[in-house]
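The values are calculated or read from the model by the stated rules, or taken from the named source; none is laboratory data. Just so it is clear, the structure is predicted and the values come from calculations on it, not from any experiment. As a convention, Cβ positions derive from the backbone with ideal geometry for all residues, glycine included, and neighbour counts pool all protein chains shown.
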Amino acid sequence: MSVIRQMTYQPAGRRAVSVETMTFGRLRELSDGGTQRADFHVLAVIDAGPGSVSVDFCHHPLQDRSAVWTPPGAVHRWDDLAGVAGHLVLFVPTAPVTHATRELVASPDPAAHWSIPDADWPFVDTARSHLLLEASAPPSDSRTELPQILLSALITRLHPPHAEGPLTPQVFRLFRSSVEAHFQHHDAGYYASAPGYAPRTLSRAVRQATGRTAKAYIVERSVLEAKRLLAHDRLTAARCADVLGFPDASNFSVFFRKATGMRPGAWQATVAVE
């Protein structure tokens with residue numbers, strides 16, 4: 001069950017809400033303890049812990065003055081929230097208004113959790129307070145962009161460590177976007193031919209950016225999506241095969257076992273879902 005998906009981004013008058021905030025107290029009231037998978041970003045600023053969150057099956061302990069970023073589509077679950085204080089900012093991918101913050105938001109691999117340096121905390125806290133104030137104001141045409149502007153300021157002040165370097169090859173950027181959109185295709189040649197690159201050019205760019213081969217990158221992305229479908233949507237191997245572009249359940253099971261060491265059903269049984 002995805003509590004956050006159900007409670008946010010409802011139309012406000014004639015306009016869709018693109019930025020929304022909530023406290024961890026409110027999250028505790030709404031959460032049923034199960035996994036969540038939203039189609040928007042969840043950015044949390046933690047004032048105090050302890051607590052924990054799992055993002056795409058990686059566990060992260062929460063401590064004072066830290067941040068959590070969960071991108072659209074990621075399976076996540078908040079645990080041990082009784083002592084957590086702070087705020088969550090929920091926003092659609094198009095909400096940030098600056099070029100730099102839109103680049104950050106477009107990255108499919110944001111850092112899930114990081115600490116906020118003491119020197120940065122006053123700026124983060126002030127940026128968050130201003131955003132909370134504007135997000136709580138009555139809707140009006142004159143302030144529609146203010147939450148988006150202040151969201152961009154908050155993201156900038158948080159200094160997410162997943163910022164992409166200026167030397168990241170454009171070939172890899174296009175490849176990465178294509179994999180996100182078409183991960184049902186498992187052949188690296190497909191992603192090279194679509195934009196007209198030679199396979200060797202693509203392979204060199206992917207290795208430069210990630211240290212992996214293009215094939216390994218595609219496999220990793222397919223395995224992640226399979227885990228999301230198995231854990232959150234509770235799909236069978238046959239349904240996963242259909243969604244992920246495999247010819248049948250047997251073919252998918254062989255692929256999944258080779259990548260993870262477990263059959264899909266066995267891996268699914270290890271994931272606790274409420």
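General remarks:
- Subset of the stretch 3-24 [surrounded by fewer than 18 Cβ atoms within 10 Å (Cβ to Cβ), assigned to a strand (DSSP E or B) and either among the small types (Gly, Ala, Ser) or modelled with pLDDT of 80 or more (or both)]: ALA12, ALA16, THR23
- Flag for TYR197 being under 24 Å from PHE256 (Cβ atoms), aromatic (Phe, Trp, Tyr) and touching a helix residue (DSSP H, G or I) at 6+ places or on another chain (Cβ under 7 Å): no
- Residue satisfying condition, being in a helix (DSSP H, G or I), crowded, with 17+ Cβ neighbours inside 10 Å and of a type in the set (Gly, Ala, Ser), within set SER177, SER222, SER129: SER222
- Subset tally (residues that are of a type in the set (S, T, N, Q), more than 12 Å from the chain's Cα centre (by Cα) and under 30 Å from VAL223 (Cβ atoms)) for the stretch 20-63: 4
- Residue in the stretch 104-120 that is of a type outside the set (Asp, Glu), assigned to a helix (DSSP H, G or I) and modelled with pLDDT of 90 or more present: no
- Qualifying strands (runs of 3 or more DSSP E) (wholly inside the stretch 25-98; at least 2 residues being more than 21 Å from ASP125 (Cβ to Cβ)): 51-55, 58-62, 76-79
- Between ALA216, ALA269, ALA209, the distinction of being in contact with a Phe, Trp or Tyr (Cβ under 9 Å, 6 or more places away or on another chain) and either charged (D, E, K, R) or not in a loop (DSSP other than H, G, I, E, B) (or both) belongs to ALA209 only.
- Within the set VAL179, VAL171, the sole residue that is under 21 Å from the mean Cα position of the chain (by Cα) and not basic (Lys, Arg) turns out to be VAL179.
- Among the candidates LEU62, LEU81, residue that is closer than 29 Å to LEU133 by Cβ and touching a Phe, Trp or Tyr at 6+ places or on another chain (Cβ under 7 Å): LEU81
- Any pair with Cβ under 7 angstrom, 6 or more apart, that starts in the stretch 231-246 at a residue that is over 16 Å from ILE218 (Cβ atoms) and ends at one that is of a type in the set (Lys, Arg) and modelled with pLDDT under 95: HIS232/ARG37
- Top-ranked residue in the stretch 40-88 [being aliphatic (A, V, I, L, M), farther than 23 Å from LEU229 by Cα and touching a residue at least 60 places away in the same chain (Cβ under 8 Å); ranked as surrounded by the fewest Cβ atoms within 10 Å (Cβ to Cβ)]: ALA85
- Residue selection: ARG212 fails the criterion of being assigned by TED's automatic domain parsing to the domain that holds CYS240, more than 26 Å from GLY261 (Cβ to Cβ) and of a type in the set (Lys, Arg).
- Number of the condition not met by ALA238 [criteria: (1) of a type in the set (A, V, I, L, M, F, W, C); (2) surrounded by 20 or more Cβ atoms within 10 Å (Cβ to Cβ); (3) at pLDDT 90 or above]: (2)
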